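Report on one structure; see the data block that follows.
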Amino acid sequence: MSLIKDLFTNWSVWRRPGYFESFDYSWGMVIDLDRCTGCEACVVACTAENNLPIVGEKRFSENREIKWIRIERYWSGEYPNAKLSFIPMLCQHCDQAPCEIACPVSATYHNQDGLNTQIYNRCIGTRTCAVYCPYEVRFFNWFSYTWDAPLEQQLNPDVTVREKGVMEKCTFCIQRIREAKDHAKDDGRRRLREGDIQPACAQACPTKAIVFGDRNDPDSQVAQMASDARGYTVLKELNTSPSIVYLRRVDQEHV
Amino acid sequence: MSERGQPSYQEVNDAVLPTMTTFTWRYWTALSISVTVMIFGFFAPWWYQLFVGVGAAGMSRAAYWGTYLGNFIFWIGLSHSGTLLSAVLHITQSDWRKSIYRSAEAMTLFSLITAAFYVMVHLGRLWFVHWTVPIPNVMGLWPNFRSPLMFDVMAITTYLTASSIFIYMGSVPDFATVRDNATGLRRKIYAIMCFGWRGTDREWHRLGWAYTFFAVLVIPLAVSVHSIVSWDFALSIVPGLHHTIFAPYFVCGAIFSGTAGIVTVMYFLRKYFHFERYITEKHFNNLGKLLLLLSLIWSYINMLELFTGWFSGSSFEIEALRFKLFGFYAPLFWEMIAFCAFLPLVLFSEKIRTNFRLMLWISIAINIGMFTERFLIVATTQPRKFLPDAFSFYMPSLVEIAITIGSFAVFTTLFLVFVKVFPSMSMYEVKETLNLPTRKGART
């Protein structure tokens, strides 16, 4: 009975105060909306990196596309003074995630890196996490998708291809985090350094609007930018404590 | 039952036992239709959906839950009245329950089974459904006990177990009666089913105690089951679902639709099994009063729910409310209000309460309204959550519509099998309410 054995061996660890609040790392992101041009390079990069299926026109019109990061567009004002604003929306990796309590089989949980992770093999497809998520960043595999030859040759071997009936979402490119940790271990380092990793979206962003790093490290670029006066988190009133801080866009009228 | 014209014990047996052994053409027609609809309306589309994925249903992003969960709440709700009503009336010693409770409890059991089917239809990967059950496994992982869905699995399995034991236990003396009036293989089967019941004092004593024990156990259980079903929704932070009133709202709605379901079943039993002497105006009258009361409570809670949403002042709540009251599904919403809040008001009149045919139509209308309510709970809230970019729309697909119709056939099939296996009226308890027979048989 490994369950019982685990319980006894880990009891003292689990009882350590703050164990569930303090993380080894706290991966976070700062997105500067002033820099974002809405070019959707991040969307393409994410699709290529994470083996996202291309669902086709019909499924897209049924609202079943899978895009872990998307550019939300909002129009305001009337022509000719119409204004377009956009915001890249991806999994916020909430510290108080509404989705995590929902899953009956613990397929989504918080790991020690402060990431909100999704275990595809564990998922049974109740879709409760997606209903509970206020940011609408969880995507369900309504069908099993295939890649026409030779497209299957470009699939990323580090990332699982998901089957039908499974929920998926942004992982902050966890495969890159794992790889960087392995390299750090090979180099004899205990911790990752600033700049060791970059998720695909941050790497692809031409204007460097997306900055990724460890929020636990006060010297990191993310931690410093997050305290910017323009910083805010989306739907703050829901108390989900997201890991992504957006920097407000400053318009002519604000100046 | 009136004093005059009371049936004798033998007449009770003669009324019930033939319903189990005579197969009319009407029965065969009903059974073959419902089996056909069940196979082609429920299991065939389900198989297709398992094959291609849940995308066969009309759900999409933002509307991740659809008709399946609406149906699930509906069937759990329908299951609520049977066992609950039977148990409440048993411990309050209301004798009029005795001729109707068996079929009411059967309704509970079969709607629970239908509801359990819906959980499975809803799942993306049915073949791993056993992971929701806390059994030690090779992965060394328990299910997530914080999840309301986990509570749900627990509550429904407990309720299913308790109500099946409850209905079986109450039938044991009747199985003995069937055994005594049967021959051959049938006699042997019922001898096993009644556990060799002989009717000794000890057996009656044990049965009485166990039955009361279960009645007391089942009441809080039934209330908790539908509260837990409501938490699936209320524990989310979705506007329009995140209300503290949801638990009593669901429980009240469940008993409401369940009671209406009992009235419907009672009408058909009375008509086709000729239980006119046992299911009388009194039963319809009493259940009519109960329906009226529940409808008033339901209307009050519904108003409260709408008011709380509006009074919160939160733009998300108000948008969800606007979509529900005046959006695409507004006709359904107002139909629900008409059927569940206004129509039952006619039950103030005793003339209507004792009119069998009118009661049948009212009870069916109430259940249509309650079905709509459950559909609206899932269909109107999720497409309007927080980010306007993700606003969407939900429309059931053909597969979902077929499965919805098919599930009624699943229920009907189970019930049609039930009436041939169980005595559909509790013979021994009806006899308890009668006066002693005279030497010649019936009292004149």
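The values are calculated or read from the model by the stated rules, or taken from the named source; none is laboratory data. Only a predicted model underlies this, so the values are computations on that prediction, with no experimental measurement involved. Here the Cβ is made from the backbone with ideal geometry for all residues, glycine too, and neighbour counts use every protein chain on show. Areas reflect the complete protein model, heavy atoms only, side chains present, ligands, DNA and RNA absent. Shrake-Rupley method; radii C 1.70, N 1.55, O 1.52, S 1.80 Å.
Structure values in brief
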quantity	calculated
All positions within the stretch B:24-55 that are exposed (fewer than 15 other Cβ atoms within 10 Å of the Cβ), under 30 Å from B:TYR428 (Cβ atoms) and either in contact (Cβ under 8 Å) with a residue 12 or more places away in the chain or in contact with a Lys or Arg (Cβ under 6 Å, 6 or more places away or on another chain) (or both)	B:ARG26
Count of the stretch B:189-210 residues which are of a type outside the set (A, V, I, L, M, F, W, C), part of a helix (DSSP H, G or I) and closer than 24 Å to B:GLU11 by Cα	1
Any pair with Cβ under 7 angstrom, 6 or more apart, that starts in the stretch B:229-241 at a residue that is more than 9 Å from every other protein chain (Cβ to nearest Cβ) and under 18 Å from B:PRO383 (Cβ atoms) and ends at one that is assigned to a loop (DSSP other than H, G, I, E, B) and open to solvent by 10 Å² or more (accessible area, probe 1.4 Å)	B:PRO239/B:SER314
Index of the failed condition, B:VAL178 passing every other in (1) part of a helix (DSSP H, G or I); (2) more than 17 Å from the chain's Cα centre (by Cα); (3) surrounded by fewer than 22 Cβ atoms within 10 Å (Cβ to Cβ)	(3)
Qualifying positions in the stretch B:382-431 - over 22 Å from B:ALA116 (Cα atoms), among the hydrophobic types (A, V, I, L, M, F, W, C) and within 14 Å of chain A (Cβ to nearest Cβ)	B:PHE386, B:LEU387, B:ALA390, B:PHE391, B:PHE393, B:MET395
Qualifying residues in the stretch A:120-136 (those that are of a type outside the set (Phe, Trp, Tyr) and surrounded by fewer than 21 Cβ atoms within 10 Å (Cβ to Cβ)) - the one nearest to the other protein chains (Cβ to nearest Cβ)	A:ARG122
Residue satisfying condition, being free of Cβ contacts under 8 Å to residues at least 40 places away in the same chain, away from chain A (no Cβ under 14 Å) and over 19 Å from B:GLY406 (Cα atoms), within set B:LEU85, B:LEU89	B:LEU89
In the stretch B:262-304, residue farthest from the chain's Cα centre (by Cα) [restricted to those that are open to solvent by less than 10 Å² (accessible area, probe 1.4 Å) and under 20 Å from B:PHE342 (Cβ atoms)]	B:ASN302
Qualifying residue in the stretch B:355-364 (condition: within 14 Å of chain A (Cβ to nearest Cβ), surrounded by 21 or more Cβ atoms within 10 Å (Cβ to Cβ) and under 24 Å from B:TRP75 (Cα atoms))	no
Any chance B:PHE166 is farther than 19 Å from B:MET427 by Cα, away from chain A (no Cβ under 14 Å) and under 24 Å from the mean Cα position of the chain (by Cα)	no
Selection count, the stretch B:346-364, where residues are at pLDDT 90 or above and more than 23 Å from the chain's Cα centre (by Cα)	2
Strands (runs of 3 or more DSSP E) wholly inside the stretch A:1-94 containing at least 2 residues that are surrounded by 12 or more Cβ atoms within 10 Å (Cβ to Cβ) and within 11 Å of chain B (Cβ to nearest Cβ)	A:70-76, A:83-89
Condition check for B:LEU160: closer than 17 Å to B:VAL225 by Cα, open to solvent by 10 Å² or more (accessible area, probe 1.4 Å), touching an Asp or Glu at 6+ places or on another chain (Cβ under 8 Å) and modelled with pLDDT of 90 or more	no
All positions within the stretch B:143-156 that are open to solvent by 60 Å² or more (accessible area, probe 1.4 Å) and at the interface with chain A (Cβ under 7 Å from one of its Cβ atoms)	B:ARG146
Yes/no for B:SER111 being more than 9 Å from every other protein chain (Cβ to nearest Cβ), surrounded by fewer than 24 Cβ atoms within 10 Å (Cβ to Cβ) and either more than 20 Å from the chain's Cα centre (by Cα) or touching a residue at least 60 places away in the same chain (Cβ under 8 Å) (or both)	no
Hits in the stretch A:100-119 - residues which are at negative phi and within 10 Å of chain B (Cβ to nearest Cβ)	A:GLU100, A:ILE101, A:ALA102, A:CYS103, A:PRO104, A:VAL105, A:ALA107, A:THR108, A:TYR109, A:ILE119
Selection from the stretch B:286-344 of residues that are aromatic (Phe, Trp, Tyr), assigned to a helix (DSSP H, G or I) and free of Cβ contacts under 8 Å to residues at least 60 places away in the same chain	B:TRP298, B:TYR300, B:PHE307, B:TRP310, B:PHE311, B:PHE326, B:PHE333, B:TRP334, B:PHE339, B:PHE342
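Residue-by-condition table, conditions (1) buried (at least 19 other Cβ atoms within 10 Å of the Cβ); (2) of a type in the set (D, E, K, R):
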position: A:TYR145; (1), (2): yes, no
position: A:GLN154; (1), (2): no, no
position: A:PRO157; (1), (2): no, no
position: A:VAL166; (1), (2): yes, no
position: A:ALA184; (1), (2): no, no
position: A:ARG190; (1), (2): no, yes
position: A:GLY195; (1), (2): no, no
position: A:ARG215; (1), (2): yes, yes
position: A:ALA226; (1), (2): yes, no
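Rundown of residues vs (1) of a type outside the set (S, T, N, Q); (2) over 27 Å from B:PRO437 (Cβ atoms), yes/no style:
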position	(1), (2)
B:GLU11	yes, no
B:THR24	no, yes
B:THR29	no, yes
B:MET38	yes, yes
B:ALA57	yes, yes
B:TYR68	yes, yes
B:THR92	no, yes
B:LYS98	yes, no
